[in-house]
1. Mind jotting down the three principal axis lengths of the range 31-135 based on Cα atoms? Whole angstrom, largest first.
2. Find how much the distance from residue 18 to residue 140 grows on full extension, using 0.36 nm per residue of separation minus their present alpha carbon separation; answer in nm with one decimal.
3. Could the peptides 71-84, 113-126 be put in order, highest first, of the mean number of other beta-carbon atoms found within 10 Å of their residues?
4. Provide the FRET efficiency to the nearest 0.05 for the residue 80-residue 101 pair, computing r from the beta carbons and using R0 = 41 Å.
5. Under 5 Å between amide H atoms, partner at least 5 residues away or on a different chain: which partners does residue 46 have, H built in plane at 1.01 Å?
Amino acid sequence: MSELIPHDPVNHMSVMRKKMDALFDELFSFGDFFASRLSGLDSGISIDVADKGTEFVVKAYLPGVDAKNLDIHVEEDAVIIKGYHSEETRQESQDYFLQEVRSGSFIRTIPLDALVLPEKSKARFKAGVLELTLPKSGTKRPQGVKLNIE
């Protein structure tokens, strides 16, 4: 036997609003939502950032990405990694034929805790791992100030 549930239009609207908010948060979050889904890469590509005292060493794990499809831009206080990924799979047999093509772009901005020297930075890419060496400038990064509201 089915159970009757009282109709509560206010609750239904609240639930719908929460679901719409979650949808828009996901669609307009940092990074390219659609490109990350198409490329098979998460827009938050896996990275490690190590502070070695006089320099930062950033490692980004980019399996299947070709070095010629990467664009690295180093600023004094951040690194921007952009790239394009394309993968093609093809299978044939006597009974079937399958071909899949996945491609898309990704971008990741990595803020740094100290200022670096962009012109002295170096990049290496080997076996799907991008390694950046970013020498620190010695100048401290300007700190923000908490403001009191009057």
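1. 60, 26, 19 Å, listed from the longest principal axis down.
2. 39.7 nm
3. Highest mean packing first, the order is 71-84, 113-126.
4. Result of the calculation: an efficiency of 0.95.
5. 61
Just so you know, all these numbers are worked out from the coordinates, no wet-lab data involved. Treat the numbers as computed from the prediction; the structure is a model and nothing was measured. All Cβ positions, even for glycine, are placed from backbone atoms using ideal geometry, and neighbour counts span all protein chains on display.
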